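J.: Can you keep this structure in mind? I'll have questions shortly.
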Amino acid sequence: MAYDDLRQWIAALERAGELKRIRAEVDPNLEVTEITDRVSKSARGGSALLFQNLKGYPGSQLLINQFGSARRMNLALEVENLDEVADRIRAFMDVKSPQGFLDKVKMLPMLAEMGKFFPKSVSTGPCKEVIKRDHFSLVDFPILQCWPKDAGRFITLPCVITRDPKTGKRNVGMYRMQIYDERTAGMHWQRQKVGAEHYREMLRAATQGPAVADTPVRPGARRQAVDVMARTSGGSVRAEGGPGGKMEVAVAIGTDPAITFSAIVPAPPDVEEYLIAGFLRQKPVELVKCETVDLEVPATAEVVLEGHVHLDELRTEGPFGDHTGFYSLEDLYPVFHVSCITHRKDPVYATTIVGKPPMEDGWMGKAVERIFLPLMKLTIPELVDINLPIEGVFHNLMIVSIKKSYPGQARKVMNAIWALGQAMFTKCILVVDEDVNVQDIGEVTLKVLNHIDPERDIQFTLGPVDSLDHASRLPNYGSKMGIDATRKWASEGFTRPWPDEILMDEKTKALVDKKWKELGIE
Ligand SMILES: Cc1cc2nc3c(=O)[nH]c(=O)nc-3n(C[C@H](O)[C@H](O)[C@H](O)COP(=O)(O)O)c2cc1C
Ligand SMILES: [Mn+2]
C-alpha cells in the first residue's frame, strides 16, 4: 500500500527498525551534518534520523537520511529488490498488439493499472492546514547550514514545481535553495535541467513575442533579457534590469517518498514526475491548487512555498559542500521570491546532506541506475549491465558491459550514452564485454587494465559537463573519456592472438570440493 504522506513513511521506517528519534538538543548549524555523516558512513547506512529537539526551533522536527541505504530505498519504493521496479517497467514496454480476444483480455489488468498512475486533483489537503499569506518566514524552518564553508543555509530536499509555458506540462525537479533572507532563496536549477529550460522559455516569450499573461515587457527589455540568457547559458554578461516578468514556482518539502524520489529521476523533459511517482507508488498522486500561483502541489506535503522567480534577476549562489566531496563554487542563479507559505500543523522538515560518498543521495542514484537500465536498453539494446560506483558521484564514472556483435560497437555505445539525457554528463565511460561483472570493481580493474592499449582504446570527446565539475576547462563545458576495454577483434585491426582467461576445470573443482574437509585446512 502506497504511503500517503511523509508521516506514514516515517511510521513505516520506525516499524522496520530503520528510524532513530534524536531527543537530545542538536544545532541545525553543522551539528546535524556531523551526526548524519557519521551515520551515513556506518554499517549499511545506519538509520533514518528524526531530530526532535533542534536548537533555536522548539517543537520542530527534522527528518534526514530517509533514503540512506539499499534497504530503505527498497522500503521507500515498496519492493524487496529494485529489479522489481525495472521488471514492471519492462512489462509495460513488452506490450505487443493483441492477437485475439484472449490477448485483449490479458491486457485488461495492465490497462486498469495504468489508470492508477495519473495524478488526481483534490479540493484541499493537509498541506493547507496552515496558510500564511502575510506573516511568514523561511527562517521559521530548521534549515541546515551543512558544511563550514557553505554560503549559508540551504533547503536541500525541495521538490521544485514549474510549468512549461509552451506545453503547460509540469515539471518537478530537485534543485537546492540557498536562503538569502526571510522571503528569498536561490534557485539552483543547473543550465541543462528542465526548470532552467522553463525559465528560458519564459524569457524568450517575454522578449520575442507578445507579452504572455504574467509577463509585462518594459522598453529595452529584450536586449537585457538576452543578456540574462547569455549569462544563464554560461556567458559572462550580467543583466541590469530585464523584461520585468515573473515565473511562477512552487516548492513542496516533505512529500511521500515516491514523489521526493521522482524529483531526482532523470526522466525525459516531457514526462511529468507526478506520473512517475504514481507509477512508483501504484496509486495516483493527489494534487491541490496553490493559493497564489497557478500550480499544483502534492496535497499531503509537509510544507509548500509559493512564489516567483523574476526573469531579470540573478544572484550569487554558493559555495555549497556538494556530493562530489568538494564545495561547488559560487555562480549566478535566479532568485525565488516567496509569496505564500502553507504547511501542515507541526510540519516535519525533510532534508538531506551531501558530501563525500557514501551519503544518502548515493543510494538514490543507485536506485536510478537499476530502474533506468531497461529504459537505456531501449536505445542501447546491446547493454547488459551498468554500474555507477558511488565514489564516481554519478557523473564521473559509468561502467557498462555490452554484448558485442560488430567492430567499433563499444564506441557506438559511448556515444549513445553521451547522447542520453543526463547521462550526457558522464566524464568517464568504461565499456567491457558481457562476461565481465561490472558490479565487481576488482574484476573490472583486472580486466580493463589488462585488455587496453591506452593510446588505441581511449576515446576523447567534448560536450556539456556537469555544473559541479570543477576541473573542466570552462564551467559546464569540457571533455569526456571513453575506454573501450572490450576484447579487440581482427576486424578492428587487432590480429595478435588473445589469451584465454585462467579458469580451473569443473572436474578438478568438484574433486577438491569433496576432499576439502579431509584436507583439514579450515
Ligand atoms: C539531494 C539532491 C540535490 C540535488 N540538487 C540539485 C541542484 O541543486 N541543482 C540541480 O540542477 N540538480 C540537482 N540535483 C539533481 C536533479 O534533481 C536531477 O538532475 C533531476 O533529474 C532534475 O530534474 P529535471 O530533469 O526535471 O530537471 C540534486 C539531486 C539530489 C538527489
Ligand atoms: Mn523532469
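Read-outs throughout are calculated quantities, based only on the coordinates presented, and are distinct from any laboratory measurement. The structure presented is a predicted model; accordingly, all values stated were derived computationally and were not measured. Don't worry about glycine lacking a Cβ; one is built from the backbone with ideal geometry, like all the others, and counts go over all protein chains shown.
J.: Which entries of K132/K246; K193/K246; K283/K345; K104/K366; K246/K377; K116/K166 show an alpha-carbon separation above 29 angstrom in the structure shown? Kindly include the intermediate steps, with their values, before the conclusion.
T.: On the way: K132/K246 21 Å; K193/K246 19 Å; K283/K345 25 Å; K104/K366 36 Å; K246/K377 40 Å; K116/K166 27 Å.
Those over the limit are K104/K366; K246/K377.
J.: What are the ³J(HN,Hα) values, in whole Hz, obtained from phi via the Karplus relation 6.51 cos²θ - 1.76 cosθ + 1.60 with θ = phi - 60°, for each residue of the stretch 41-57 in sequence order, with x given for Gly and Pro?
T.: Values, residue by residue: 9, 7, 3, 6, x, x, 10, 5, 10, 10, 7, 10, 9, 9, 4, x, 10 Hz.
J.: Ordered by residue, what ³J(HN,Hα) values in Hz, to whole numbers, does the stretch 32-38 give under the Karplus form 6.51 cos²θ - 1.76 cosθ + 1.60, where θ = phi - 60° and Gly and Pro are x?
T.: 4, 4, 4, 5, 5, 4, 4
J.: Follow-up question, since we're still on this one. Between helix 194-207 and the chain, what is the angle of the helix's C-alpha long axis to the longest principal axis, kept within 0 to 90° and rounded to the nearest 10?
T.: The two axes meet at around 50 degrees.
J.: Then there is this: With +1 on each Lys and Arg Cβ and -1 on each Asp and Glu Cβ, how big is the dipole of the chain about its Cα centre, in debye rounded to the nearest 20?
T.: On the way: 66 positive and 72 negative charges, 128 e Å.
Its charge dipole is roughly 620 debye.
J.: Residue separation times 0.36 nm, minus the C-alpha to C-alpha distance between M107 and E455: what's the value?
T.: Details: separation 348, 0.36 × 348 = 125.28 nm, distance 5.23 nm.
Extending this stretch completely gives an extra 120.0 nm.
J.: If R0 is 22 Å, what FRET efficiency do you get for S123 and T292 from their C-beta distance, rounded to 0.05? Spell out each step's value before the answer.
T.: Values: r = 17 Å, r/R0 = 0.78.
With a Förster radius of 22 Å, E is 0.80.
J.: Pull up all non-local amide H partners of C340: gap of 5 or more, or a different chain, and H-to-H distance under 5 Å with H placed in the peptide plane.
T.: E306
J.: Ordered by residue, what ³J(HN,Hα) values in Hz, to whole numbers, does the stretch 460-467 give under the Karplus form 6.51 cos²θ - 1.76 cosθ + 1.60, where θ = phi - 60° and Gly and Pro are x?
T.: Those phi angles translate into 9, 8, 10, x, x, 10, 4, 4 Hz.
J.: Could you work out the relative contact order of the stretch 375-522, using alpha carbon pairs under 8 angstrom and six or more residues apart, expressed as a whole percent? Numbers along the way, then the final one.
T.: Numbers: 202 pairs, mean separation 29.7, N = 148.
Rounded, it is 20 percent for the stretch 375-522.
J.: Residues with amide H under 5 Å of K404's amide H, sequence separation 5 or more or different chain, H placed in the peptide plane at 1.01 Å from N; which?
T.: E434
J.: In degrees from 0 to 90, rounded to the nearest 10, what is the angle of the helix 6-15 Cα long axis to the longest principal axis of the chain?
T.: 40 degrees
J.: Amide H neighbours of V249 under 5 Å, counting only residues 5+ apart in sequence or on other chains, H built in-plane at 1.01 Å?
T.: G307, H308, V309
J.: Normalised by the number of residues in the stretch 305-409, what is the relative contact order in percent for Cα pairs under 8 Å and 6+ residues apart? Before the final figure, lay out each step's value.
T.: Values: 132 pairs, mean separation 21.7, N = 105.
This gives 21 percent for the stretch 305-409.
J.: Follow-up. Counting other C-beta atoms within 10 Å, which of L203, L474 has the fewest, and how do the rest follow? Mind dumping the intermediate values first?
T.: Details: L203 25, L474 9.
The most exposed by this proxy come first: L474, L203.
J.: Would you mind computing, in nm to one decimal, how far apart the modelled labels at R487 and Q99 are, each placed 7 Å from Cα along Cα→Cβ?
T.: Placing both labels 7 Å beyond Cα along the Cβ direction yields 3.7 nm.
J.: Output the antiparallel fraction of DSSP beta bridges having both residues in the chain, as a percent to the nearest 5. Mind showing how you got there, number by number?
T.: Values: 60 of 81 bridges.
Of those bridges, close to 75 percent are antiparallel.
J.: Between the DSSP loop rule and a limit of at most 15 other Cβ atoms within 10 Å, which trypsin sites (Lys or Arg not before Pro) in the stretch 308-412 are left?
T.: Values: sites: R315, R344, K345, K366, R370, K377, K403, K404, R411, K412; in loops: R344, K345, K403, K404.
Here the trypsin sites (Lys or Arg not before Pro) that fit, given the DSSP loop and packing criteria, are K345, K403.
J.: May I ask you to derive the relative contact order of the chain, considering only C-alpha pairs under 8 Å and at least 6 residues apart, and to give it as an integer percent? Walk me through the intermediate numbers first.
T.: Working: 1065 pairs, mean separation 78.1, N = 522.
About 15 percent, as a whole number.
J.: What 222 nm value per residue comes from the helices of the chain, counting each DSSP H run with n ≥ 4 as -39,500 (n - 2.57) and dividing by all residues, nearest 500 deg cm²/dmol? Display every interim value, and only then the final one.
T.: Working: 14 runs with 148 residues, N = 522.
Taken over the chain, the calculation gives -8500 deg cm²/dmol.
J.: Sticking with this structure for a sec: Return the lysines within reach of K517: Cα separation strictly under 29 angstrom, same-chain partners fewer than 8 residues apart disregarded; answer none if there are no such residues.
T.: Candidates past the 8-residue exclusion: K507, K509.
J.: Take each of the peptides 385-394, 170-179, 445-454, average the number of other beta-carbon atoms within 10 Å over its residues, and list them starting from the highest. Working shown, then result.
T.: Values: 385-394: 19.8, 170-179: 24.0, 445-454: 13.8.
The densest-packed peptide leads the list: 170-179, 385-394, 445-454.
J.: If packing is taken as the average number of other Cβ atoms within 10 Å across a peptide's residues, how do 275-282, 39-46 rank, most packed first? Please report the intermediate quantities before stating the final value.
T.: On the way: 275-282: 22.1, 39-46: 16.0.
Sorting 275-282, 39-46 by mean packing, highest first, produces 275-282, 39-46.
J.: To test your reading of the geometry: what angle, between 0 and 90 degrees and rounded to tens, separates the Cα axis of helix 221-232 from the longest principal axis of the chain?
T.: 30 degrees
J.: Ranking request for peptides 512-521, 28-37: highest mean number of other beta-carbon atoms within 10 Å first, then the rest in descending order.
T.: 28-37, 512-521
J.: Using alpha carbon centroids, what distance separates the stretch 445-502 and the stretch 351-396, in Å?
T.: Measuring centre to centre over Cα atoms gives 20 Å.
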